[in-house]
Amino acid sequence: MSDDKNQGYVYILTNPSFREDWVKIGKSSRPVNVRSKELDNTAVPLPFEIYATLKTAKFDKVEKQIHKQIDRLTDLRIRQNREFFNIAPSVALDIMRDIADLLEDAELAVYVDGNPIISSSKEEDKKINAANEDRMRKKSKPAFKFHMVGLNVGDTIIFDALNLPVKIASDDKVEYENRLWSLSAFTAEFLPEEIKTPSGAYQGPKFFSYGGKVLNEIISVH
């Protein structure tokens, strides 16, 4: 095991002013809450939020390895000389977890409401992620209602992943096979396995469309 004084941190940061699939992945020899406060300057409108941290003596190598793994997937780095990536925080956490599992001294923490929760498995990561994402959705915007996009009971929308038509049954539910579903629950149930996210949490309006337009995009127009 490594001496604590030789350890540092690799971190995943999010920012409410960024797109939800933008993250900053960096390293620090000091506690990450100190580093995140340093980044809170006039260049960003809102403070950064800590999504996850990995404490290890190999923090320098781990940060480079995470960057390398993401760069191998595709061109997800927003600017090549920066530590910002166009990737969902949960996916970045999956990569961090895979590396942590190979280290003897790794201590992985996922943050909920600003507090670190030590996580020892991917299953725990998923539960924490699901709770975190649900909290952020409720915090950032009101619950979706069909009247927000000018739709009414009886209108038909399309579940794009399967090109499947479903009817609106109430202001926040659709009917399919004689059962009522919220858009998020429907997505979690019927989304093909190969495109499901590690967290298992979904923003339903992103997966349905009306008149060729995704509901989530219609919301932003109204």
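The values are calculated or read from the model by the stated rules, or taken from the named source; none is laboratory data. All values reported here derive from a predicted model rather than from experimental measurement. Cβ: placed from backbone, ideal geometry, glycine included. Neighbour counts: every protein chain shown.
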Original post:
So, in the stretch 137-152, of the ones that are hydrophobic (A, V, I, L, M, F, W, C) and surrounded by 13 or more Cβ atoms within 10 Å (Cβ to Cβ), which residue ends up modelled with the lowest pLDDT?
Top reply: Phe144
Original post:
Asp105 is checked against (1) within 20 Å of Lys24 (Cβ to Cβ); (2) at pLDDT 80 or above; (3) in a loop (DSSP other than H, G, I, E, B); (4) among the acidic types (Asp, Glu) and fails just one. What number does that condition carry?
Top reply: (1)
Subject >> Within the stretch 22-39, tally of residues that are under 23 Å from Lys68 (Cβ atoms) and out of contact with any helix residue (DSSP H, G or I) (no Cβ under 8 Å at 6 or more places or on another chain) >> reply: 5
Subject >> Test result for Ile78, under 30 Å from Asn216 (Cβ atoms), at pLDDT 85 or above and β-branched (Val, Ile, Thr) >> reply: no
**OP:** State the number of residues belonging to the stretch 191-222 that are among the small types (Gly, Ala, Ser), at pLDDT below 80 and buried (at least 17 other Cβ atoms within 10 Å of the Cβ).
**Re:** 2
Original post:
Out of the stretch 86-95, which residues are touching an Asp or Glu at 6+ places or on another chain (Cβ under 9 Å) and either of a type outside the set (S, T, N, Q) or at pLDDT 85 or above (or both)?
Top reply: Ile87, Ala88, Pro89, Ser90, Val91, Leu93, Asp94
